Amino acid sequence: MERPVVLITGGSRGIGAATARMAAARGYDLALTFQSDAKAADEVRSDCTRAGARCEIFQADLASPAEVGRLFEAFDATFGRLTHVVNNAGTVGKAGRLDEADPEMIRQCIDLNVTGAILVAREAVRRMSLRNGGTGGVIVNLSSGAPENGCAGEYVWYAGTKGAINAFTLGLGREVAREGLRVVAVAPGLTDTEIHARGGQPGRVQRNAAIVPVGRAAQPEEVAEVILFLMSDAASYATAAVWRVSGGR
């Protein structure tokens, strides 16, 4: 039997990298995208290859519609078939109040987190939907607990982008439900990745862990486990839904 092929955007770090390593160990071949950190992407590829998977990496700025198109052209030429997508690439921007935020930074966040994710899903539907001659599959969008708490004083624009992803997941999941495609979102709470440092808050995990009911941040692998479950046939009745992985927050 052919191995399933998963495209993981933002697969070089954090939740994306944890998902890639776990998917490789569980029988998937992989395509990973990265924006700038080629060394980190190559390390993840090496780990996946050692686990027995075929793994290829593609550099792409998914905030650019043209680069989304080029990514899928390269993917088609390399793999020829697609069964799963993990729409993970995203950014928080620089932490702060909205009235002090750089409009260009806000635009970049929206372009990557919302427009980029929607365009990746669009290309995936074109390839996987039974209506379009595909064989079906699963799209997992990475959301966040941010729409529930708003991230006041930190990233209200980021919370807005993830609220958009939730709505998009519900709508697309219902749109393609009879075309062999499931569309779900995973909404992690506080997770111990480098995204906080990239937003200018390297101590955010330690500072906020106490407000999580379970008393700690998630590890990326704990979120990846839920993503892998939703990708699997064990979740065959799960679609048009947002799954919270938030430690009770």
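For the peptides 62-74, 181-193, the ranking by mean Cβ contacts within 10 Å, running from highest to lowest, is 181-193, 62-74. Helix 156-175 axis versus longest C-alpha principal axis of the chain: approximately 30°, rounded to the nearest ten. Axis angle, to the nearest 10 degrees, between helix 14-25 and the longest C-alpha principal axis of the chain: 30 degrees.
Based solely on its DSSP helices, what 222 nm [θ] is calculated for the chain when runs of n ≥ 4 H residues each add -39,500 (n - 2.57) and the sum is averaged over all residues, nearest 500 deg cm²/dmol? Each step should come with its number before you reach the end.
Details: 10 runs with 104 residues, N = 249.
Helix-only estimate at 222 nm: -12500 deg cm²/dmol.
Largest first, the three principal axis extents of the alpha carbons in the stretch 5-245 are 47, 38, 36 Å in whole numbers. Axis of helix 117-128 versus longest Cα principal axis of the chain: the two differ by about 20°, to the nearest ten degrees.
Each value in this text was obtained by applying a stated rule to the coordinates, not by laboratory testing. Since this is a predicted model, take the numbers as computed values, not measurements. Every residue, glycine as well, gets a Cβ built from its backbone with ideal geometry; the counts of neighbours run over all protein chains shown.
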